[in-house]
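Contents: one structure, followed by commentary.
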Amino acid sequence: MKKYVAECIGTATLVVLGCGTAMLVGCDAASGSGYLLTALAFGLTIVAMAYSIGNISGCHINPAVSLGVLLSGGMEVSEFVGYVISQCIGAFAGAGILALVFGLGGVTDQTGGFGSNGLDGVNGSPVAGLLVEIVLTFIFVIAILGVTSKKASHGSFGGLVIGLTLVVVHILGIGLTGTSVNPARSFGPALVAAFTGNTAPIAALWVFIVGPLVGAALAAVVYKALDN
């Protein structure tokens, strides 16, 4: 149970700090600073969580990462289900916290949807969005599998490597899909946005569930083949 609580807290933290930064600074292509600040917020949150809850749950805080670990033989199906449920609850709670803070504080949400993902950057194309999410998640998850492998020699720097990989992934992906690579991170903000009357993120949510899961599965298969 402690692992599930840790995953819930970690995912909530990721949404609050990552999506919250995006809401505050915006991610307009005309202002590259918003891109970088949001990318750093997501990546540095992963670093912080890796060194705080990593020894408890492994700090997946992402169903795609959990799927990669499952397919690599690192966890049981029942544990995987518990992780995903905990991550989704955490993401929803994190988005709810943002709704309260921004609502009560009268702060404008620069993203218009609690930092949720969308397809505007790919001209509304779900195929392009899927491709972006598959490729970016593949890169992210294969990096995680490599860093956490028993053969890895990164020592205590694993969390930093994973966090920096997420930063790079966001720098490219923010302008295309907002960068999900994490179904829970997309689910929470989209659901809260729907409660406030913005249903656009929910309509495209399937892209940000299917894409990351496919990318993670491919990463697990490829890494397992390369590591043998």
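The values are calculated or read from the model by the stated rules, or taken from the named source; none is laboratory data. Source: prediction; values computed, not measured. Methodologically, a virtual Cβ is constructed for each residue, glycine included, from the backbone with ideal geometry; neighbour enumeration extends over all protein chains shown.
Consider only pairs whose beta carbons are under 7 Å apart and that are at least six residues apart or on different chains; among these, list those whose first residue lies in the range 189-217 and is within 16 Å of A95 (Cβ to Cβ) and whose second residue is crowded, with 19+ Cβ neighbours inside 10 Å and of a type in the set (V, I, T).
As it stands, the answer is P189/V15, since those pairs meet every condition given.
Here is a list: I61, I89, I85. Which entry is closer than 22 Å to W206 by Cα, modelled with pLDDT of 95 or more, of a type in the set (A, V, I, L, M) and touching a Cys at 6+ places or on another chain (Cβ under 6 Å)?
Of I61, I89, I85, the one residue that is closer than 22 Å to W206 by Cα, modelled with pLDDT of 95 or more, of a type in the set (A, V, I, L, M) and touching a Cys at 6+ places or on another chain (Cβ under 6 Å) is I89.
Please pick out the residue among F42, F80, F102, F92 that is assigned to a helix (DSSP H, G or I), among the aromatic types (F, W, Y), in contact (Cβ under 8 Å) with a residue 12 or more places away in the chain and touching a Ser or Thr at 6+ places or on another chain (Cβ under 6 Å).
F80
Among the helices (runs of 4 or more DSSP H) confined wholly to the range 117-228, which include 1 or more residues that are touching a strand residue (DSSP E or B) at 6+ places or on another chain (Cβ under 7 Å), aromatic (F, W, Y) and buried (at least 22 other Cβ atoms within 10 Å of the Cβ)?
none
Taking T21, is it of a type outside the set (D, E, K, R), in a helix (DSSP H, G or I) and within 22 Å of I142 (Cβ to Cβ)?
No, not satisfied.
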